[in-house]
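Written below as C-alpha coordinates is the structure these notes are about.
The values are calculated or read from the model by the stated rules, or taken from the named source; none is laboratory data. Just so it is clear, the structure is predicted and the values come from calculations on it, not from any experiment. We place every Cβ from the backbone using ideal geometry, glycine too, and count neighbours over all the protein chains shown. Accessible surface areas use protein heavy atoms only, side chains included; no ligands, DNA or RNA. Shrake-Rupley method; radii C 1.70, N 1.55, O 1.52, S 1.80 Å.
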Amino acid sequence: MSSGKSSLVDGEINDNENVSDLEKNKMMSAGDSEEVRLENNIQLNRNGDDTTKTIKLYKRRWFIVLLFGSYSLCNSFQWIQYGIINNIFMRFYGVESFTIDWMSMIYMLTYIPFIFPVTWLLDKKGLRIIALVATAMNCAGTWIKVTSVRPDLFAVTMLGQFCCSLAQVFILGMPSKIASVWFGSEEVSTACSIGVFGNQLGIAIGFLVPPILVPNVEDMDQLAYHISIMFYITAGVATLLFLLVVIVFQERPELPPTQAQATARCIPPEQYSYTASILRLLRNKPFLLLILTYGLNVGCFYAVGTLLNRMIIEHYPGEELNAGRIGLTIVIAGMVGSLICGIWLDRTKTYKQTTLAVYLMSFVGMLVYAFTLSLGHLWVVFLTAGALGFFMTGYLPLGFEFGVELTYPECEGTSSGLLNCSAQVFGIIFTICQGKIIDNYGTLAGNIFLCVFLFIGSVLTEGSDDVLALQRHSANVL
(Lines give C-alpha, C1' and ligand atoms only; values in the text may rest on other atoms or scores of the structure.)
Protein backbone atom coordinates (compact mmCIF):
# COMPACT_ATOMS: atom_id res chain seq x y z
CA MET A 1 0.00 0.00 0.00
CA SER A 2 1.23 3.46 -0.70
CA SER A 3 2.07 5.78 2.14
CA GLY A 4 -0.48 8.26 0.79
CA LYS A 5 -3.28 6.03 1.93
CA SER A 6 -2.40 6.64 5.55
CA SER A 7 -3.21 10.31 5.11
CA LEU A 8 -6.87 9.44 4.61
CA VAL A 9 -7.24 8.47 8.25
CA ASP A 10 -9.77 10.62 10.05
CA GLY A 11 -7.62 11.62 12.97
CA GLU A 12 -4.05 12.36 13.98
CA ILE A 13 -1.15 10.36 15.28
CA ASN A 14 0.02 11.12 18.75
CA ASP A 15 3.46 9.97 19.74
CA ASN A 16 3.48 11.19 23.29
CA GLU A 17 -0.04 12.31 24.25
CA ASN A 18 -2.72 10.21 25.97
CA VAL A 19 -0.29 7.36 26.64
CA SER A 20 1.34 6.96 30.01
CA ASP A 21 4.83 5.57 30.43
CA LEU A 22 3.35 2.50 32.13
CA GLU A 23 1.03 1.86 29.18
CA LYS A 24 3.93 2.23 26.75
CA ASN A 25 5.98 -0.29 28.72
CA LYS A 26 3.13 -2.77 28.65
CA MET A 27 2.78 -2.41 24.90
CA MET A 28 6.52 -2.78 24.39
CA SER A 29 6.61 -5.99 26.44
CA ALA A 30 3.66 -7.71 24.75
CA GLY A 31 4.88 -11.16 23.70
CA ASP A 32 2.82 -11.60 20.56
CA SER A 33 2.82 -8.09 19.11
CA GLU A 34 5.10 -5.44 17.70
CA GLU A 35 4.54 -1.69 17.60
CA VAL A 36 4.27 -0.23 14.12
CA ARG A 37 7.22 2.10 13.58
CA LEU A 38 7.19 4.74 16.34
CA GLU A 39 3.46 5.41 16.44
CA ASN A 40 1.72 4.43 19.64
CA ASN A 41 -1.78 5.71 19.13
CA ILE A 42 -4.22 7.01 16.58
CA GLN A 43 -7.12 9.26 17.45
CA LEU A 44 -10.29 8.12 15.71
CA ASN A 45 -13.53 10.05 15.77
CA ARG A 46 -16.75 8.10 15.71
CA ASN A 47 -20.09 9.87 16.25
CA GLY A 48 -18.27 12.82 17.75
CA ASP A 49 -16.49 10.82 20.45
CA ASP A 50 -12.72 10.48 20.57
CA THR A 51 -11.51 6.94 21.07
CA THR A 52 -7.94 5.73 21.17
CA LYS A 53 -6.89 2.76 19.00
CA THR A 54 -3.45 1.21 19.34
CA ILE A 55 -1.90 -0.09 16.14
CA LYS A 56 -0.09 -3.40 16.52
CA LEU A 57 1.40 -6.14 14.42
CA TYR A 58 0.82 -9.61 15.86
CA LYS A 59 3.30 -12.42 15.36
CA ARG A 60 0.43 -14.79 14.65
CA ARG A 61 -0.10 -12.95 11.35
CA TRP A 62 2.62 -15.15 9.86
CA PHE A 63 0.83 -18.31 10.98
CA ILE A 64 -2.42 -17.05 9.44
CA VAL A 65 -0.87 -16.36 6.05
CA LEU A 66 1.07 -19.66 6.11
CA LEU A 67 -2.07 -21.62 6.97
CA PHE A 68 -3.87 -19.91 4.11
CA GLY A 69 -0.97 -20.70 1.81
CA SER A 70 -1.13 -24.35 2.87
CA TYR A 71 -4.77 -24.91 2.02
CA SER A 72 -4.37 -22.86 -1.14
CA LEU A 73 -1.52 -25.24 -2.02
CA CYS A 74 -3.71 -28.29 -1.43
CA ASN A 75 -6.39 -26.91 -3.70
CA SER A 76 -4.16 -25.71 -6.54
CA PHE A 77 -2.34 -29.06 -6.56
CA GLN A 78 -5.58 -30.63 -7.75
CA TRP A 79 -6.01 -28.14 -10.60
CA ILE A 80 -3.26 -29.78 -12.63
CA GLN A 81 -3.12 -33.33 -11.20
CA TYR A 82 -5.17 -34.72 -14.11
CA GLY A 83 -3.73 -32.60 -16.92
CA ILE A 84 -0.05 -33.35 -16.22
CA ILE A 85 -0.72 -37.08 -16.78
CA ASN A 86 -3.38 -36.46 -19.41
CA ASN A 87 -2.53 -39.57 -21.44
CA ILE A 88 -2.74 -41.86 -18.38
CA PHE A 89 -6.18 -40.65 -17.28
CA MET A 90 -7.38 -40.81 -20.89
CA ARG A 91 -6.59 -44.53 -20.94
CA PHE A 92 -7.91 -45.25 -17.43
CA TYR A 93 -11.31 -43.58 -17.89
CA GLY A 94 -11.56 -44.20 -21.65
CA VAL A 95 -12.15 -40.55 -22.54
CA GLU A 96 -10.63 -38.10 -25.02
CA SER A 97 -7.76 -35.72 -24.33
CA PHE A 98 -10.07 -32.70 -24.55
CA THR A 99 -12.25 -34.22 -21.81
CA ILE A 100 -9.26 -34.45 -19.47
CA ASP A 101 -8.39 -30.85 -20.35
CA TRP A 102 -11.75 -29.92 -18.84
CA MET A 103 -10.60 -31.32 -15.50
CA SER A 104 -8.33 -28.26 -15.39
CA MET A 105 -10.63 -25.86 -17.20
CA ILE A 106 -13.47 -26.58 -14.76
CA TYR A 107 -11.45 -24.57 -12.23
CA MET A 108 -11.64 -21.62 -14.60
CA LEU A 109 -15.26 -22.12 -15.61
CA THR A 110 -16.58 -22.46 -12.05
CA TYR A 111 -14.87 -19.25 -10.98
CA ILE A 112 -16.67 -16.99 -13.45
CA PRO A 113 -20.31 -17.24 -12.20
CA PHE A 114 -19.46 -17.71 -8.52
CA ILE A 115 -16.87 -15.00 -7.95
CA PHE A 116 -19.36 -12.17 -7.41
CA PRO A 117 -21.47 -13.86 -4.71
CA VAL A 118 -18.32 -15.16 -3.04
CA THR A 119 -16.73 -11.70 -3.04
CA TRP A 120 -19.92 -10.32 -1.51
CA LEU A 121 -19.65 -12.97 1.22
CA LEU A 122 -16.01 -12.04 1.81
CA ASP A 123 -17.03 -8.40 2.31
CA LYS A 124 -20.01 -9.23 4.52
CA LYS A 125 -18.88 -12.28 6.51
CA GLY A 126 -15.13 -11.84 6.66
CA LEU A 127 -12.07 -14.04 6.33
CA ARG A 128 -12.90 -16.85 8.76
CA ILE A 129 -16.23 -17.85 7.19
CA ILE A 130 -14.68 -17.84 3.71
CA ALA A 131 -11.73 -19.93 4.94
CA LEU A 132 -14.06 -22.48 6.55
CA VAL A 133 -16.20 -22.87 3.43
CA ALA A 134 -13.12 -23.13 1.19
CA THR A 135 -11.44 -25.87 3.22
CA ALA A 136 -14.73 -27.77 3.74
CA MET A 137 -15.47 -27.81 0.01
CA ASN A 138 -11.89 -28.80 -0.80
CA CYS A 139 -11.99 -31.61 1.76
CA ALA A 140 -15.32 -32.91 0.42
CA GLY A 141 -14.01 -32.90 -3.15
CA THR A 142 -10.94 -34.94 -2.26
CA TRP A 143 -13.01 -37.66 -0.58
CA ILE A 144 -15.42 -37.82 -3.51
CA LYS A 145 -12.41 -38.50 -5.75
CA VAL A 146 -11.35 -41.35 -3.46
CA THR A 147 -14.60 -43.13 -4.37
CA SER A 148 -14.13 -42.59 -8.12
CA VAL A 149 -11.20 -44.91 -8.85
CA ARG A 150 -12.98 -47.10 -11.38
CA PRO A 151 -12.95 -46.76 -15.18
CA ASP A 152 -16.74 -46.34 -15.26
CA LEU A 153 -16.84 -43.58 -12.63
CA PHE A 154 -15.47 -40.62 -14.56
CA ALA A 155 -18.59 -38.61 -13.69
CA VAL A 156 -17.85 -39.09 -9.99
CA THR A 157 -14.26 -37.89 -10.30
CA MET A 158 -15.56 -34.89 -12.28
CA LEU A 159 -17.96 -34.14 -9.40
CA GLY A 160 -15.06 -34.23 -6.94
CA GLN A 161 -13.07 -31.89 -9.17
CA PHE A 162 -16.07 -29.56 -9.37
CA CYS A 163 -16.20 -29.34 -5.55
CA CYS A 164 -12.49 -28.50 -5.45
CA SER A 165 -12.94 -25.91 -8.20
CA LEU A 166 -15.74 -24.31 -6.18
CA ALA A 167 -13.41 -24.16 -3.17
CA GLN A 168 -10.91 -22.31 -5.34
CA VAL A 169 -13.40 -19.46 -5.79
CA PHE A 170 -13.25 -18.91 -2.02
CA ILE A 171 -9.44 -18.95 -2.06
CA LEU A 172 -8.13 -16.84 -4.93
CA GLY A 173 -9.42 -13.48 -3.70
CA MET A 174 -8.02 -13.82 -0.17
CA PRO A 175 -4.27 -13.03 -0.39
CA SER A 176 -4.64 -9.27 -0.69
CA LYS A 177 -7.42 -9.25 1.93
CA ILE A 178 -5.31 -11.18 4.45
CA ALA A 179 -2.35 -8.92 3.72
CA SER A 180 -4.31 -5.73 4.36
CA VAL A 181 -6.18 -7.00 7.45
CA TRP A 182 -3.17 -8.56 9.22
CA PHE A 183 0.01 -6.85 7.95
CA GLY A 184 1.65 -3.44 8.18
CA SER A 185 1.88 -1.04 5.26
CA GLU A 186 5.51 -2.00 4.59
CA GLU A 187 4.66 -5.72 4.48
CA VAL A 188 1.49 -6.01 2.41
CA SER A 189 3.19 -6.78 -0.90
CA THR A 190 5.42 -9.39 0.73
CA ALA A 191 2.45 -10.95 2.55
CA CYS A 192 0.39 -11.00 -0.64
CA SER A 193 3.30 -12.68 -2.41
CA ILE A 194 3.45 -15.35 0.31
CA GLY A 195 -0.28 -15.98 -0.13
CA VAL A 196 0.12 -16.36 -3.88
CA PHE A 197 3.28 -18.39 -3.18
CA GLY A 198 1.15 -21.16 -1.64
CA ASN A 199 -1.01 -21.36 -4.75
CA GLN A 200 2.06 -21.53 -6.97
CA LEU A 201 3.75 -24.16 -4.80
CA GLY A 202 0.61 -26.31 -5.05
CA ILE A 203 0.72 -26.07 -8.83
CA ALA A 204 4.43 -26.97 -8.72
CA ILE A 205 3.71 -30.07 -6.63
CA GLY A 206 0.80 -30.83 -8.96
CA PHE A 207 3.25 -30.92 -11.85
CA LEU A 208 5.82 -33.03 -10.00
CA VAL A 209 3.99 -35.58 -7.83
CA PRO A 210 1.26 -37.16 -10.05
CA PRO A 211 3.77 -38.53 -12.62
CA ILE A 212 5.70 -40.07 -9.71
CA LEU A 213 2.69 -41.54 -7.87
CA VAL A 214 0.86 -42.68 -11.02
CA PRO A 215 3.33 -44.29 -13.46
CA ASN A 216 2.15 -45.24 -16.93
CA VAL A 217 1.66 -48.97 -16.25
CA GLU A 218 -0.31 -51.27 -18.54
CA ASP A 219 -2.19 -53.25 -15.89
CA MET A 220 -5.46 -51.43 -15.09
CA ASP A 221 -5.69 -52.79 -11.54
CA GLN A 222 -2.21 -51.52 -10.73
CA LEU A 223 -3.06 -48.19 -12.32
CA ALA A 224 -6.21 -47.93 -10.18
CA TYR A 225 -4.11 -48.67 -7.09
CA HIS A 226 -1.64 -45.89 -7.89
CA ILE A 227 -4.44 -43.39 -8.58
CA SER A 228 -6.16 -44.27 -5.31
CA ILE A 229 -2.90 -43.71 -3.38
CA MET A 230 -2.67 -40.21 -4.84
CA PHE A 231 -6.30 -39.46 -3.99
CA TYR A 232 -5.99 -40.79 -0.42
CA ILE A 233 -2.89 -38.68 0.29
CA THR A 234 -4.64 -35.57 -1.01
CA ALA A 235 -7.77 -36.29 1.07
CA GLY A 236 -5.70 -36.78 4.23
CA VAL A 237 -3.89 -33.47 3.80
CA ALA A 238 -7.14 -31.62 2.98
CA THR A 239 -8.81 -33.02 6.11
CA LEU A 240 -5.93 -31.97 8.35
CA LEU A 241 -5.97 -28.43 6.94
CA PHE A 242 -9.74 -28.16 7.39
CA LEU A 243 -9.37 -29.08 11.07
CA LEU A 244 -6.58 -26.52 11.55
CA VAL A 245 -8.72 -23.78 10.03
CA VAL A 246 -11.64 -24.71 12.30
CA ILE A 247 -9.43 -24.58 15.38
CA VAL A 248 -7.03 -21.69 14.84
CA PHE A 249 -7.94 -19.45 11.87
CA GLN A 250 -8.81 -16.01 13.23
CA GLU A 251 -11.02 -13.40 11.55
CA ARG A 252 -8.76 -10.42 12.25
CA PRO A 253 -6.29 -9.18 14.87
CA GLU A 254 -7.68 -7.59 18.01
CA LEU A 255 -6.03 -4.28 17.10
CA PRO A 256 -5.56 -3.03 13.53
CA PRO A 257 -2.10 -3.22 11.86
CA THR A 258 -2.30 0.10 10.01
CA GLN A 259 -3.99 3.47 10.18
CA ALA A 260 -5.99 2.63 7.07
CA GLN A 261 -7.39 -0.52 8.72
CA ALA A 262 -8.18 1.43 11.88
CA THR A 263 -10.23 3.84 9.78
CA ALA A 264 -11.93 1.00 7.89
CA ARG A 265 -13.12 -0.54 11.16
CA CYS A 266 -14.93 2.69 12.01
CA ILE A 267 -17.01 2.66 8.83
CA PRO A 268 -20.49 1.30 9.69
CA PRO A 269 -21.35 -1.80 7.59
CA GLU A 270 -24.56 -0.21 6.36
CA GLN A 271 -22.55 2.54 4.67
CA TYR A 272 -20.83 0.00 2.39
CA SER A 273 -22.56 -1.12 -0.81
CA TYR A 274 -21.04 -4.04 -2.71
CA THR A 275 -22.94 -3.17 -5.89
CA ALA A 276 -21.79 0.44 -5.72
CA SER A 277 -18.22 -0.77 -5.19
CA ILE A 278 -18.41 -2.95 -8.34
CA LEU A 279 -19.81 -0.03 -10.35
CA ARG A 280 -17.04 2.28 -9.16
CA LEU A 281 -14.43 -0.26 -10.16
CA LEU A 282 -15.99 -0.67 -13.61
CA ARG A 283 -15.74 3.11 -14.09
CA ASN A 284 -12.06 3.07 -13.14
CA LYS A 285 -10.36 3.12 -16.56
CA PRO A 286 -6.82 2.24 -15.41
CA PHE A 287 -8.22 -0.71 -13.47
CA LEU A 288 -10.26 -1.88 -16.48
CA LEU A 289 -7.07 -1.85 -18.52
CA LEU A 290 -5.34 -3.87 -15.81
CA ILE A 291 -8.21 -6.40 -15.84
CA LEU A 292 -7.60 -6.92 -19.56
CA THR A 293 -3.80 -7.16 -19.38
CA TYR A 294 -3.84 -9.35 -16.26
CA GLY A 295 -6.30 -11.73 -17.92
CA LEU A 296 -4.14 -12.00 -21.03
CA ASN A 297 -0.99 -12.84 -19.06
CA VAL A 298 -2.44 -15.25 -16.53
CA GLY A 299 -4.72 -16.84 -19.15
CA CYS A 300 -1.58 -17.72 -21.13
CA PHE A 301 -0.08 -19.32 -18.01
CA TYR A 302 -3.22 -21.40 -17.46
CA ALA A 303 -3.11 -22.61 -21.08
CA VAL A 304 0.57 -23.55 -20.87
CA GLY A 305 0.03 -25.43 -17.62
CA THR A 306 -3.02 -27.32 -18.84
CA LEU A 307 -1.47 -28.37 -22.17
CA LEU A 308 2.12 -28.91 -20.99
CA ASN A 309 1.85 -32.73 -20.98
CA ARG A 310 0.57 -32.76 -24.56
CA MET A 311 3.31 -30.40 -25.75
CA ILE A 312 6.15 -32.32 -24.12
CA ILE A 313 4.90 -35.79 -25.07
CA GLU A 314 4.55 -34.72 -28.71
CA HIS A 315 8.27 -33.94 -28.96
CA TYR A 316 9.59 -36.28 -26.25
CA PRO A 317 7.45 -39.46 -26.17
CA GLY A 318 7.38 -41.35 -22.87
CA GLU A 319 8.68 -38.37 -20.88
CA GLU A 320 5.67 -37.91 -18.59
CA LEU A 321 7.97 -37.58 -15.58
CA ASN A 322 10.08 -34.89 -17.22
CA ALA A 323 6.92 -33.08 -18.33
CA GLY A 324 6.05 -32.80 -14.66
CA ARG A 325 9.56 -31.63 -13.81
CA ILE A 326 9.39 -28.95 -16.48
CA GLY A 327 6.09 -27.77 -15.01
CA LEU A 328 7.75 -27.76 -11.59
CA THR A 329 10.60 -25.66 -13.00
CA ILE A 330 8.13 -23.12 -14.43
CA VAL A 331 6.36 -22.65 -11.12
CA ILE A 332 9.39 -22.75 -8.81
CA ALA A 333 11.07 -20.08 -10.93
CA GLY A 334 7.81 -18.11 -10.77
CA MET A 335 7.72 -18.39 -6.99
CA VAL A 336 11.18 -16.86 -6.80
CA GLY A 337 10.02 -14.13 -9.16
CA SER A 338 6.92 -13.51 -7.03
CA LEU A 339 8.90 -13.07 -3.82
CA ILE A 340 11.48 -10.83 -5.47
CA CYS A 341 8.77 -8.68 -7.04
CA GLY A 342 6.87 -8.47 -3.73
CA ILE A 343 9.95 -7.31 -1.82
CA TRP A 344 10.82 -4.87 -4.62
CA LEU A 345 7.33 -3.34 -4.54
CA ASP A 346 7.40 -2.95 -0.75
CA ARG A 347 10.63 -0.97 -1.06
CA THR A 348 10.04 1.06 -4.22
CA LYS A 349 6.26 1.22 -4.82
CA THR A 350 7.05 1.30 -8.57
CA TYR A 351 3.93 -0.64 -9.56
CA LYS A 352 3.61 0.51 -13.17
CA GLN A 353 7.30 0.21 -14.11
CA THR A 354 7.73 -3.21 -12.49
CA THR A 355 4.54 -4.56 -14.05
CA LEU A 356 5.60 -3.42 -17.52
CA ALA A 357 9.10 -4.89 -17.19
CA VAL A 358 7.79 -8.28 -16.02
CA TYR A 359 5.14 -8.31 -18.76
CA LEU A 360 7.69 -7.64 -21.51
CA MET A 361 9.97 -10.37 -20.19
CA SER A 362 7.02 -12.79 -20.10
CA PHE A 363 6.53 -12.14 -23.81
CA VAL A 364 10.23 -12.66 -24.55
CA GLY A 365 10.30 -15.82 -22.43
CA MET A 366 7.27 -17.27 -24.23
CA LEU A 367 8.86 -16.51 -27.60
CA VAL A 368 12.11 -18.27 -26.69
CA TYR A 369 10.23 -21.25 -25.23
CA ALA A 370 8.12 -21.59 -28.39
CA PHE A 371 11.15 -21.79 -30.71
CA THR A 372 13.29 -24.09 -28.52
CA LEU A 373 10.66 -26.67 -27.53
CA SER A 374 11.21 -28.82 -30.64
CA LEU A 375 15.03 -28.75 -30.71
CA GLY A 376 15.24 -32.22 -29.16
CA HIS A 377 17.20 -31.22 -26.04
CA LEU A 378 15.25 -31.46 -22.80
CA TRP A 379 17.84 -29.43 -20.87
CA VAL A 380 17.17 -26.49 -23.19
CA VAL A 381 13.43 -26.82 -22.49
CA PHE A 382 14.14 -26.78 -18.74
CA LEU A 383 16.13 -23.54 -19.08
CA THR A 384 13.65 -21.72 -21.30
CA ALA A 385 10.67 -22.93 -19.24
CA GLY A 386 12.35 -21.66 -16.06
CA ALA A 387 12.93 -18.24 -17.60
CA LEU A 388 9.31 -18.14 -18.78
CA GLY A 389 8.01 -19.12 -15.36
CA PHE A 390 10.14 -16.56 -13.50
CA PHE A 391 8.36 -13.71 -15.24
CA MET A 392 4.96 -15.11 -16.23
CA THR A 393 4.18 -16.67 -12.84
CA GLY A 394 6.00 -13.86 -11.04
CA TYR A 395 3.43 -11.48 -12.54
CA LEU A 396 0.58 -12.91 -10.42
CA PRO A 397 1.16 -10.95 -7.17
CA LEU A 398 2.16 -7.89 -9.17
CA GLY A 399 -1.27 -7.76 -10.73
CA PHE A 400 -2.98 -8.13 -7.35
CA GLU A 401 -1.01 -5.37 -5.69
CA PHE A 402 -1.22 -3.01 -8.67
CA GLY A 403 -4.99 -3.57 -8.64
CA VAL A 404 -5.21 -2.70 -4.95
CA GLU A 405 -3.13 0.43 -5.60
CA LEU A 406 -5.37 1.55 -8.47
CA THR A 407 -8.64 0.92 -6.65
CA TYR A 408 -7.99 2.02 -3.05
CA PRO A 409 -10.06 2.38 -0.89
CA GLU A 410 -12.28 -0.29 -2.49
CA CYS A 411 -12.24 -3.76 -0.93
CA GLU A 412 -9.17 -5.79 -1.92
CA GLY A 413 -11.24 -8.93 -2.38
CA THR A 414 -13.45 -7.21 -4.96
CA SER A 415 -10.57 -5.99 -7.12
CA SER A 416 -8.79 -9.36 -6.84
CA GLY A 417 -11.98 -11.16 -7.79
CA LEU A 418 -12.42 -9.14 -10.96
CA LEU A 419 -8.79 -9.72 -11.93
CA ASN A 420 -9.11 -13.46 -11.40
CA CYS A 421 -12.40 -13.56 -13.30
CA SER A 422 -10.65 -12.06 -16.31
CA ALA A 423 -7.85 -14.62 -15.98
CA GLN A 424 -10.32 -17.53 -15.94
CA VAL A 425 -12.17 -16.28 -19.03
CA PHE A 426 -8.96 -15.89 -21.01
CA GLY A 427 -7.64 -19.16 -19.59
CA ILE A 428 -10.58 -21.11 -21.01
CA ILE A 429 -10.39 -19.33 -24.37
CA PHE A 430 -6.63 -19.76 -24.70
CA THR A 431 -6.64 -23.40 -23.57
CA ILE A 432 -9.34 -24.42 -26.04
CA CYS A 433 -7.85 -22.41 -28.92
CA GLN A 434 -4.26 -23.43 -28.30
CA GLY A 435 -5.31 -27.08 -27.94
CA LYS A 436 -7.07 -27.00 -31.30
CA ILE A 437 -4.12 -25.22 -32.93
CA ILE A 438 -1.70 -27.83 -31.53
CA ASP A 439 -3.90 -30.65 -32.86
CA ASN A 440 -4.02 -29.16 -36.36
CA TYR A 441 -0.78 -27.19 -36.78
CA GLY A 442 1.64 -28.30 -34.04
CA THR A 443 3.05 -26.89 -30.82
CA LEU A 444 5.00 -24.03 -32.42
CA ALA A 445 1.87 -22.50 -33.90
CA GLY A 446 0.04 -22.97 -30.60
CA ASN A 447 2.75 -21.20 -28.61
CA ILE A 448 3.07 -18.36 -31.13
CA PHE A 449 -0.68 -17.88 -30.69
CA LEU A 450 -0.01 -17.12 -27.00
CA CYS A 451 2.98 -14.90 -27.87
CA VAL A 452 0.70 -12.65 -29.92
CA PHE A 453 -1.55 -11.97 -26.94
CA LEU A 454 1.36 -11.44 -24.55
CA PHE A 455 2.70 -8.83 -26.97
CA ILE A 456 -0.72 -7.13 -27.07
CA GLY A 457 -0.79 -7.14 -23.26
CA SER A 458 2.68 -5.55 -23.14
CA VAL A 459 1.60 -2.76 -25.50
CA LEU A 460 -1.55 -2.10 -23.47
CA THR A 461 0.45 -2.01 -20.23
CA GLU A 462 2.83 0.52 -21.75
CA GLY A 463 -0.13 2.60 -22.90
CA SER A 464 -1.70 2.66 -19.44
CA ASP A 465 0.29 5.82 -18.64
CA ASP A 466 -1.96 7.77 -21.00
CA VAL A 467 -5.08 6.46 -19.29
CA LEU A 468 -3.69 7.28 -15.84
CA ALA A 469 -2.72 10.78 -16.96
CA LEU A 470 -6.15 11.37 -18.45
CA GLN A 471 -7.87 10.22 -15.27
CA ARG A 472 -5.69 12.49 -13.12
CA HIS A 473 -6.35 15.42 -15.44
CA SER A 474 -10.10 14.82 -15.25
CA ALA A 475 -9.95 14.63 -11.46
CA ASN A 476 -8.04 17.91 -11.29
CA VAL A 477 -10.57 19.62 -13.58
CA LEU A 478 -13.43 18.43 -11.40
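Which residues does the label zone of LEU244 cover in the range 51-91, counting backbone N under 13 Å from a point 7 Å along Cα→Cβ?
Answer for the range 51-91: 62-75.
With +1 assigned to the C-beta of every Lys and Arg and -1 to the C-beta of every Asp and Glu, and no other charges, what is the dipole magnitude of the range 47-135 about the Cα centre in debye, to the nearest 20?
500
Separation of the range 150-176 and the range 195-226 by C-alpha centroid, Å?
Rounded to whole Å, the Cα centres lie 16 Å apart.
Could you run the Karplus curve 6.51 cos²θ - 1.76 cosθ + 1.60 with θ = phi - 60° over the range 193-199 and give me ³J(HN,Hα) per residue in whole Hz, x for Gly and Pro?
5, 5, x, 5, 4, x, 4
When the Kirkwood hydrodynamic radius is evaluated over all pairs of different C-alpha atoms of the range 113-226, what value in angstrom, to one decimal, is obtained?
Averaging 1/r across every pair of different Cα atoms and inverting gives 16.3 Å.
Using modelled backbone amide H atoms (1.01 Å from N, in-plane), which distant-in-sequence or interchain residues come within less than 5 Å of TYR58's amide H?
The answer is GLU34.
Taking only the alpha-carbon positions of the range 268-382 and ignoring solvent, what does the Debye formula give for the base-10 log of I(q)/I(0) at q = 0.16 Å⁻¹?
-0.90
In the structure displayed, which of LYS56/LYS125; LYS285/LYS349; LYS56/LYS177; LYS59/LYS352 lie more than 25 Å apart, Cα to Cα?
LYS59/LYS352
Could you tell me the relative contact order of the range 334-415? Use alpha-carbon pairs under 8 Å, at least six residues apart, and round to a whole percent.
Value for the range 334-415: 45 percent.
How large is the Kirkwood hydrodynamic radius of the range 49-179, in angstrom, based on all distinct alpha carbon pairs?
Its Kirkwood hydrodynamic radius stands at 16.3 Å.
Short version: ³J(HN,Hα) in whole Hz for each residue of the range 99-113, in order, from phi by Karplus 6.51 cos²θ - 1.76 cosθ + 1.60 (θ = phi - 60°), x for Gly and Pro, what are they?
Karplus-based 3J(HN,Hα) across the range 99-113 equals 5, 5, 4, 5, 5, 8, 5, 5, 4, 6, 5, 4, 4, 4, x Hz.
Per-residue HN-Hα couplings for the range 332-347, Karplus 6.51 cos²θ - 1.76 cosθ + 1.60 at θ = phi - 60°, whole Hz, x for Gly and Pro?
4, 4, x, 5, 4, x, 4, 5, 4, 5, x, 5, 4, 5, 4, 8
Separation between the ASN216 and SER374 pseudo-spin-labels, each 7 Å from Cα along Cα→Cβ, expressed in nm?
2.0
Write down the Å³ per residue value for the convex hull defined by the alpha carbon atoms of the range 137-197.
Spread over its residues, the Cα hull of the range 137-197 gives 73 Å³ apiece.
Carbon and sulfur atoms: what percent of the 1.4 Å accessible area of the range 269-411 do they account for?
70
For the range 163-244, what is the accessible area per residue in Å², given a 1.4 Å probe and the full set of protein chains?
31
Under 17 Å from the 7 Å Cα→Cβ point of ALA276, by amide nitrogen: which residues of the range 385-408?
Answer for this model: 408.
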